[in-house]
Amino acid sequence: MANTMQFDLVSPEKRLASLEATQVQIPAAEGDMTAMPDHAPVIVTLRPGLLKATGVDGTVTQYAVTGGFAEINADSASVLAEFATVGDGQGTARAALEGFLEEARKRAGEAQGESKDVAEKFVADLVHLLEAME
Amino acid sequence: MPSLKDLKNRIDSVKSTRKITKAMQMVAAAKLRRAQDAAESARPYAERMEAVMSGLAASVGGSDGAPRLIAGTGSDQVHMLVVMTSERGLCGGFNSTIVKAARLKIEELKAAGKTVKILTVGKKGREQLKRDYRSLFVDHVDMSEVKKVGYGNASAIAKDLMDRFDAGEFDVCTIFYNKFISVISQEPTVKQIIPATFEAPEEGAEAGALYDYEPSEEGVLADLLPRGVSTQIFTALLENAASEEGARMSAMDNATRNAGEMIDKLTIEFNRSRQAVITNELIEIISGAEAL
């Protein structure tokens with residue numbers, strides 16, 4: 001049994017990470033999940049949150065992601081995030097997230113019915129994420 | 001016969017033109033590199049996205065409850081054409097080829113009795129289409145302030161399209177852009193993005209593991225489809241940016257070479273007329289001396 005897996009994190013604009021990991025914690029839409037080697041194949045959608053990848057040497061790298069999806073296999077985990085940045089990224093990354101939050105708030109204000117719930121959840125997740133980054 | 005002074009002036013002006021085109025060529029080369037890098041780094045995301053979506057679409061698409069973005073609205077009466085061109089000229093046939101492809105499609109659709117709507121991205125295409133199809137324009141996206149195409153630009157366009165689609169403004173959406181092949185060759189590409197089309201997975205390719213989907217196949221697909229549209233638009237924008245700089249680079253290379261040839265020709269003419277003037281003066285002096 002392999003005890004590492006290939007972890008890739010790509011955003012539309014670039015590939016942020018590609019490394020061997022022992023476990024990856026993913027903020028899935030219905031709650032955080034941790035993928036380890038030999039995980040059953042699954043595709044999940046993401047919510048805004050922190051993604052934690054543990055490298056072979058035990059170092060944990062944190063990334064902040066917004067929506068997207070993750071594809072998990074027995075030997076790999078690929079995360080395709082709409083927006084992703086290294087978690088302790090201050091300054092521009094933070095500003096970008098705050099921009100998202102503002103936009104999301106606006107959308108939540110305009111939305112109605114079921115989509116309002118979705119939009120409000122997105123706002124709440126973003127707020128959470130920003131707090132977690134501090 | 002132009003005077004020596006005239007020739008001199010013309011040579012000077014062609015020389016300064018050559019300087020400008022040379023500089024533009026070098027700027028385009030630098031920008032091309034960046035645009036190519038950007039297109040390159042966007043590829044893994046787009047490829048993965050496409051792979052996952054086509055897998056999903058194959059399993060969900062056939063059923064009755066398929067999302068409208070795949071199944072379409074059930075009619076193909078109203079077509080939305082998104083024509084992507086550049087903001088600036090001096091890039092050879094770059095814009096004309098896209099516009100030509102768009103014109104062809106517009107005429108074809110019109111002949112078939114369909115309704116056509118046009119959304120333009122980039123000023124140049126708008127200008128060229130304005131004369132004949134002004135009444136078909138629905139919107140225009142101005143990219144002149146955008147220095148580097150970001151995913152945000154693409155998702156803004158995609159969002160606008162989705163809103164229109166949801167409002168029932170059109171049934172089919174097609175994008176027009178130039179696919180970057182090499183510096184001297186760009187291929188005008190016409191791609192239908194709504195309803196989404198996928199290349200059939202290759203026969204014999206690994207069927208892939210059977211994935212579980214969370215929350216559900218439909219849920220994941222509903223979440224992915226809009227992203228798929230943004231991704232396709234983003235890819236198109238990046239390809240277009242690279243093509244534009246490539247086209248500009250080769251156009252300016254040609255211009256520089258032409259200017260060089262012209263300078264050579266003018267210089268020869270200049271030397272000949274100078275020689276003629278000298279010969280004339282000599283004849284005058286000699287015949288003057290002989291007359292004495």
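The values are calculated or read from the model by the stated rules, or taken from the named source; none is laboratory data. All values derive from a computational prediction rather than experimental measurement. Cβ: placed from backbone, ideal geometry, glycine included. Neighbour counts: every protein chain shown.
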Matching residues, the range A:66-84, being among the small types (G, A, S), closer than 24 Å to A:E102 by Cβ and more than 10 Å from every other protein chain (Cβ to nearest Cβ): A:A84
Filter result for A:E120 (of a type in the set (D, E), assigned to a helix (DSSP H, G or I) and loosely packed, with under 14 Cβ neighbours inside 10 Å): no
Residues satisfying the stated conditions in the range A:1-41, i.e. polar (S, T, N, Q) and either within 14 Å of chain B (Cβ to nearest Cβ) or not in a loop (DSSP other than H, G, I, E, B) (or both): A:Q6, A:S11, A:S18, A:T22, A:Q23, A:Q25, A:T34
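Table: residues versus (1) within 30 Å of A:V10 (Cα to Cα); (2) more than 14 Å from chain A (Cβ to nearest Cβ); (3) of a type in the set (V, I, T).
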| position | (1), (2), (3) |
| --- | --- |
| B:A35 | yes, no, no |
| B:S41 | yes, no, no |
| B:M53 | yes, no, no |
| B:V83 | yes, yes, yes |
| B:E87 | yes, yes, no |
Any hit, the range A:100-111, residues being part of a helix (DSSP H, G or I), in contact (Cβ under 8 Å) with a residue 24 or more places away in the chain and within 13 Å of chain B (Cβ to nearest Cβ): yes
Residue list for the range B:138-185, filter: part of a helix (DSSP H, G or I), aliphatic (A, V, I, L, M), within 14 Å of chain A (Cβ to nearest Cβ) and surrounded by 19 or more Cβ atoms within 10 Å (Cβ to Cβ): B:A154, B:I157, B:A158
Subset of the range A:59-73 (residues that are touching a helix residue (DSSP H, G or I) at 6+ places or on another chain (Cβ under 9 Å) and not in a strand (DSSP E or B)): A:T66, A:G67
Unmet requirement for B:G125, which otherwise passes all of (1) outside any helix (DSSP H, G or I); (2) under 23 Å from B:M249 (Cα atoms); (3) modelled with pLDDT under 90: (1)
A:E131, sole failed condition from (1) of a type in the set (D, E); (2) more than 12 Å from chain B (Cβ to nearest Cβ); (3) touching a helix residue (DSSP H, G or I) at 6+ places or on another chain (Cβ under 8 Å): (3)
Residue in the range B:129-145 that is under 21 Å from B:I70 (Cα atoms), touching a residue at least 40 places away in the same chain (Cβ under 8 Å) and within 18 Å of the chain's Cα centre (by Cα) present: no
Flag for B:G93 being within 26 Å of B:H140 (Cα to Cα), of a type in the set (G, A, S) and either within 14 Å of chain A (Cβ to nearest Cβ) or surrounded by fewer than 17 Cβ atoms within 10 Å (Cβ to Cβ) (or both): yes
Residues of the range B:222-232 classified as more than 10 Å from chain A (Cβ to nearest Cβ) and aliphatic (A, V, I, L, M), total: 2
Residue in the range B:60-73 that is within 14 Å of chain A (Cβ to nearest Cβ), buried (at least 18 other Cβ atoms within 10 Å of the Cβ), among the aliphatic types (A, V, I, L, M) and part of a helix (DSSP H, G or I) present: yes
Members of the range B:154-170 found to be more than 21 Å from B:L129 (Cβ to Cβ) and either of a type in the set (K, R) or more than 16 Å from the chain's Cα centre (by Cα) (or both), listed by number: B:S155, B:A156, B:A158, B:K159, B:M162, B:D163, B:F165, B:D166, B:A167, B:G168
Meets criteria (under 20 Å from the mean Cα position of the chain (by Cα), β-branched (V, I, T), part of a helix (DSSP H, G or I) and more than 9 Å from every other protein chain (Cβ to nearest Cβ)) for B:V14: no
The lone exception for A:T45 - which of (1) within 12 Å of chain B (Cβ to nearest Cβ); (2) in contact (Cβ under 8 Å) with a residue 60 or more places away in the chain; (3) under 18 Å from A:P12 (Cβ atoms) it fails: (2)
